[in-house]
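Undergrad: The following block contains the structure, expressed as structure tokens.
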Amino acid sequence: MWGVWVLASQPLRPGRAGAPLWWALGWMAAAALWSWGPGGLPGSLALSAVAMLGAAALLLMAGAGARARPDATSLFASFCWAYVLTGLLNAGIGLLQVFAPSLGDGAWLSASSIAGRAVGNLRQPNHLSSMLTWGLVAVVGLLELRRLAVRWAVPMLVVLVAAVVLTASRTGLVSVLLLALWGLADRRLRRSTRALLLATPLVYGAVWWGMAQWAAATAHAFGGAARLVETDISGSRFGIWANTLELIGQQPWAGVGWGEFNYAWTLTPFPGRPIAFFDHAHNLPLQLLVELGLPLGTVVLALLIWGLWRAARHAWAPAADAHGAEPGAARRCAVMMVLMIGLHSLLEYPLWYAYFLLPAAWAWGFALPATARIGPPSRALVAGGSLLVLGTAVAVADYQRVASIFSARAGSAPLEARIRSGQQSLFFAHHADYAAATAGVPVADPGAAFDRATHFLLDTRLMKAWAQALAAQGREDEARHLAQRLREFRKPDTEEFFGACDDQAVPLPFQCLPPQAPVNWRRYLPAD
């Protein structure tokens with residue numbers, strides 16, 4: 001879709017305003033390649049990261065190139081309409097998940113996995129709240145660009161804010177407060193727009209109160225009520241942040257390697273660790289510092305902050321409104337979209353998902369300074385858009401090789417054959433390796449499957465199978481260390497695995513004994 005958008009918007013040459021962001025993306029791509037080459041990151045994970053970062057760079061340039069067009073404001077209005085419609089559709093899905101959960105068929109409408117909370121078809125309440133918040137910013141953009149009347153904006157705003165309430169997302173609440181702060185501080189907005197922004201917390205509070213009353217009267221679940229009684233307001237984030245800081249202290253210079261956070265964190269002793277399997281530090285600055293190391297991570301963060309400051313300074317500069325209010329309003333809305341997803345990135349990792357990264361990159365590029373040029377569309381960007389369309393088609397076809405492993409149909413090949421085929425996938429082979437390591441069927445090279453699958457997400461099933469395989473290979477210390485790390489997660493489905501330790505069997509199985517010598521997580525990396 002985003003490749004088509006690049007082609008349809010026919011961007012001009014973007015200029016050099018986005019240079020700090022291009023450098024940041026370039027350094028991250030180089031880190032992913034280094035983690036794959038000298039490091040142990042599987043090729044499918046490294047190529048996926050590089051492809052995603054390359055697509056983000058293309059959308060960033062396309063946004064800056066679109067901003068250089070004489071009809072840039074109309075292009076941005078089209079972008080806003082897309083997110084208003086996306087927000088309203090997602091709001092409708094959220095409403096059905098809370099008020100008519102039985103309609104969730106798993107195909108067109110996902111069932112919520114959290115009683116009384118809207119998760120959308122994204123299946124995550126925080127992701128849904130950010131998509132809805134983007135819809136709210138888009139409504140503001142259309143109001144300021146005079147493409148939407150106030151009488152239509154009011155009900156849209158109420159529906160979108162109500163859906164944010166149904167997610168019971170703390171990030172969503174903070175985002176609504178940030179919208180109100182925008183309305184309070186930005187005096188260039190129209191009076192009606194500022195009033196609507198200032199009203200968003202009031203709408204949020206009214207809907208929350210109404211939902212609490214409805215839940216009490218009907219005995220239905222309201223996820224927001226459960227959130228109020230949670231004892232850990234951080235959702236284990238304080239714990240994972242503390243662990244991340246320890247990892248940074250242990251490996252400050254080169255970091256653990258791009259994509260290796262879960263691998264290093266899981267295999268490092270943390271007796272009081274959060275019991276969820278975290279594959280990300282849930283904070284963008286910490287994630288970059290722990291994986292890239294302090295020197296390179298600081299450089300990348302500085303480049304991102306520089307790029308954001310440059311976009312914001314230009315969007316709020318008096319010259320932004322030199323040709324009327326519309327261009328400046330469009331740029332400020334673009335900056336607000338980036339700020340909203342940046343806020344979310346301090347608590348989770350939305351930019352690791354294409355449906356947030358690519359539109360954020362385009363909006364960021366659009367907000368950057370640009371000088372309108374007369375001439376044909378940039379051939380490089382048109383070629384890049386065409387390549388992105390082709391690459392998306394290839395990725396979808398490539399994914400089907402792996403999807404068939406987990407969704408067998410009548411007439412499907414045997415599981416072993418489907419796994420072998422999936423292991424040839426360019427971008428998703430690690431999923432097939434997971435099946436090879438845990439499905440209990442004969443595979444050609446089980447050791448290689450563990451070497452690759454373990455770098456995506458170490459969970460109970462994979463850790464048990466890996467520990468048993470290491471023990472069978474005579475690597476007793478690695479097997480024992482891995483079993484100790486699994487015990488730290490305190491998962492109910494490990495009771496049988498560790499139940500043997502309660503028997504008086506002699507000798508005790510490997511999972512009951514400590515390693516004879518300390519084991520560093522890098523010892524598990526595949527040998528060259």
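The values are calculated or read from the model by the stated rules, or taken from the named source; none is laboratory data. Everything numeric in this text was worked out from a predicted model, so none of it was measured. Every residue, glycine among them, receives a Cβ derived from its backbone with ideal geometry; neighbour counts consider all protein chains shown. These area figures cover heavy atoms from the full protein model, side chains too; ligands, DNA and RNA do not enter into them. Shrake-Rupley method; radii C 1.70, N 1.55, O 1.52, S 1.80 Å.
Undergrad: If I filter the range 441-460 for residues that are crowded, with 21+ Cβ neighbours inside 10 Å, within 30 Å of residue 405 (Cα to Cα) and basic (Lys, Arg), do I get at least one hit?
TA: Yes: one or more hits.
Undergrad: I'd like to check something: does the range 424-433 contain any residue that is out of contact with any Gly (no Cβ under 6 Å at 6 or more places or on another chain), more than 30 Å from residue 469 (Cβ to Cβ) and surrounded by 21 or more Cβ atoms within 10 Å (Cβ to Cβ)?
TA: Checking the range 424-433: not a single residue is out of contact with any Gly (no Cβ under 6 Å at 6 or more places or on another chain), more than 30 Å from residue 469 (Cβ to Cβ) and surrounded by 21 or more Cβ atoms within 10 Å (Cβ to Cβ).
Undergrad: So, restricting to helices (runs of 4 or more DSSP H) that lie completely within the range 218-286, which ones have at least 1 residues that are open to solvent by 50 Å² or more (accessible area, probe 1.4 Å) and modelled with pLDDT under 95?
TA: The qualifying helices (runs of 4 or more DSSP H) are 223-228, 237-250.
Undergrad: Is there a residue in the range 511-522 that is hydrophobic (A, V, I, L, M, F, W, C) and over 18 Å from residue 267 (Cβ atoms)? Working first, answer last.
TA: Applying the first criterion (hydrophobic (A, V, I, L, M, F, W, C)) to the range 511-522 yields 512-513, 517, 519, 521.
Filter once more, keeping what is over 18 Å from residue 267 (Cβ atoms): 512.
Yes.
Undergrad: Taking the range 109-144 on its own, how many of its residues are among the aliphatic types (A, V, I, L, M) and at pLDDT below 80?
TA: In the first step, residues of the range 109-144 are kept if they are among the aliphatic types (A, V, I, L, M); the result is 109, 111, 114-115, 118-119, 122, 128, 131-132, 136-140, 142-143.
Cutting the leftovers down to at pLDDT below 80 gives us 109, 111, 114-115.
Looking only at that region, the number is 4.
Undergrad: Okay, next question. Looking at the range 287-303, which of its residues are open to solvent by 20 Å² or more (accessible area, probe 1.4 Å) and either under 19 Å from the mean Cα position of the chain (by Cα) or more than 30 Å from residue 338 (Cα to Cα) (or both)?
TA: 289, 301
Undergrad: Here's a follow-up. Suppose we filter 384, 375 for residues that are in contact (Cβ under 8 Å) with a residue 12 or more places away in the chain, at positive phi, open to solvent by less than 70 Å² (accessible area, probe 1.4 Å) and out of contact with any Pro (no Cβ under 7 Å at 6 or more places or on another chain); which single one remains?
TA: Exactly one residue qualifies, and that residue is 375.
Undergrad: Criterion first (in contact with a Pro (Cβ under 9 Å, 6 or more places away or on another chain) and among the polar types (S, T, N, Q)) does residue 516 satisfy it? So that I can check it myself, show each step before the final result.
TA: Values: in contact with a Pro (Cβ under 9 Å, 6 or more places away or on another chain): no; among the polar types (S, T, N, Q): yes.
Taking the combined requirement at face value, the residue does not satisfy it.
Undergrad: Go through the residues of the range 420-435 one by one and say whether even a single one is part of a helix (DSSP H, G or I), more than 26 Å from the chain's Cα centre (by Cα), modelled with pLDDT under 90 and over 19 Å from residue 8 (Cβ atoms).
TA: Yes, some residue in the range 420-435 is part of a helix (DSSP H, G or I), more than 26 Å from the chain's Cα centre (by Cα), modelled with pLDDT under 90 and over 19 Å from residue 8 (Cβ atoms).
Undergrad: Looking at (1) surrounded by fewer than 17 Cβ atoms within 10 Å (Cβ to Cβ); (2) at pLDDT 95 or above, which one does residue 481 not meet, given that it meets all the others?
TA: (1)
Undergrad: Going through 397, 354, 367, 403 one at a time, which residue ends up being within 23 Å of the chain's Cα centre (by Cα) and crowded, with 19+ Cβ neighbours inside 10 Å?
TA: Details: 397 fails: crowded, with 19+ Cβ neighbours inside 10 Å; 354 fails: crowded, with 19+ Cβ neighbours inside 10 Å; 403 fails: crowded, with 19+ Cβ neighbours inside 10 Å.
It is 367.
Undergrad: Quick check on my filter: what residues within the range 491-524 are in a loop (DSSP other than H, G, I, E, B) and under 14 Å from residue 459 (Cβ atoms)?
TA: Scanning the range 491-524 gives a single hit, 491.
Undergrad: Still on this structure, I have one more. I'm checking my understanding of the structure. Among residues of the range 461-475 that are of a type in the set (D, E, K, R) and touching a residue at least 12 places away in the same chain (Cβ under 8 Å), which one is surrounded by the most Cβ atoms within 10 Å (Cβ to Cβ)?
TA: 464
Undergrad: Could you check, for the range 22-42, whether at least one of its residues is of a type in the set (Ser, Thr, Tyr) and surrounded by fewer than 23 Cβ atoms within 10 Å (Cβ to Cβ)?
TA: Checked against the condition, which is being of a type in the set (Ser, Thr, Tyr) and surrounded by fewer than 23 Cβ atoms within 10 Å (Cβ to Cβ), the range 22-42 yields no hits at all.
Undergrad: State whether the residues of the range 3-10 include one that is at negative phi, free of Cβ contacts under 8 Å to residues at least 40 places away in the same chain, open to solvent by 10 Å² or more (accessible area, probe 1.4 Å) and of a type in the set (Val, Ile, Thr).
TA: Step one: list which residues in the range 3-10 are at negative phi, which gives 3-9.
Among the residues that remain, those that are also free of Cβ contacts under 8 Å to residues at least 40 places away in the same chain are: 8.
Now restrict to residues that are open to solvent by 10 Å² or more (accessible area, probe 1.4 Å): 8.
Next, from what is left, pick out any that are of a type in the set (Val, Ile, Thr): none.
No: zero hits.
Undergrad: Further question: Residue by residue through the range 329-352, note down the ones that are among the aromatic types (Phe, Trp, Tyr) and either modelled with pLDDT of 95 or more or part of a helix (DSSP H, G or I) (or both).
TA: Across the range 329-352, the qualifying residue is only 352.
Undergrad: Does the range 204-213 contain any residue that is at pLDDT below 95, of a type in the set (Gly, Ala, Ser) and in contact with a helix residue (DSSP H, G or I) (Cβ under 7 Å, 6 or more places away or on another chain)?
TA: Within the range 204-213, one or more residues are at pLDDT below 95, of a type in the set (Gly, Ala, Ser) and in contact with a helix residue (DSSP H, G or I) (Cβ under 7 Å, 6 or more places away or on another chain).
Undergrad: Only one of (1) in contact with a Phe, Trp or Tyr (Cβ under 7 Å, 6 or more places away or on another chain); (2) closer than 27 Å to residue 86 by Cα; (3) open to solvent by 20 Å² or more (accessible area, probe 1.4 Å) fails for residue 45. Which number is that?
TA: Just one mismatch for residue 45, condition (2).
Undergrad: Turning to a different aspect of this structure: Would you confirm, using the coordinates I've provided, whether residue 100 is open to solvent by less than 30 Å² (accessible area, probe 1.4 Å) and touching a residue at least 40 places away in the same chain (Cβ under 8 Å)?
TA: no
Undergrad: To continue, here is another question. Output the residues belonging to the range 484-528 that are under 21 Å from residue 247 (Cβ atoms), buried (at least 16 other Cβ atoms within 10 Å of the Cβ) and not charged (D, E, K, R).
TA: If the condition is that a residue be under 21 Å from residue 247 (Cβ atoms), buried (at least 16 other Cβ atoms within 10 Å of the Cβ) and not charged (D, E, K, R), then 484, 486, 489, 515, 519, 521, 524, 525 are the ones that fit.
Undergrad: Another question about this same structure. If we scan the range 295-306, do we find a residue that is closer than 28 Å to residue 26 by Cα, outside any helix (DSSP H, G or I) and at pLDDT 95 or above? Walk me through it before giving the result.
TA: Step one: of the range 295-306, the residues closer than 28 Å to residue 26 by Cα are 295-306.
Okay, now just the ones that are also outside any helix (DSSP H, G or I), so none.
Checking the range 295-306: not a single residue is closer than 28 Å to residue 26 by Cα, outside any helix (DSSP H, G or I) and at pLDDT 95 or above.
Undergrad: Next question. Residues to consider are 46, 66; find the one that is more than 30 Å from residue 123 (Cα to Cα) and in contact with a Leu (Cβ under 9 Å, 6 or more places away or on another chain).
TA: One residue alone meets the criteria, 66.
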